[in-house]
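Beneath this line is the structure, given in structure tokens, with notes to follow.
Since every read-out is calculated from the coordinates, none of them should be taken as a lab result. Just so you know, these numbers come straight off a predicted model, no measurement behind them. Backbone-built Cβ (ideal geometry, glycine too); neighbour counts: all protein chains shown.
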Amino acid sequence: MIHVPVDNNEPLEKALKRFKRFVEKEGVIREWKKREFYVKPSKIKNEKKKAMERKLQKKIRKLQEKESSRR
């Protein structure tokens, strides 16, 4: 559970901003959205595979651009 202490003379907006920053830093919302629905293990595997393929294609494209700019 996230606990953000608030001083008596501290504005609520400032405490809320601090809370939001803490939640974002800890990745609470990202984790919640990830676990919102069940995802089959095969789907996770396929998504990771596609992400790796995209990453590899991007790397190849950058190398080709670098080679073409050298010529």
So which of 23, 39 ends up being surrounded by 10 or more Cβ atoms within 10 Å (Cβ to Cβ) and outside any helix (DSSP H, G or I)? 39
Any chance residue 34 is loosely packed, with under 10 Cβ neighbours inside 10 Å, under 15 Å from the mean Cα position of the chain (by Cα) and under 30 Å from residue 4 (Cβ atoms): no
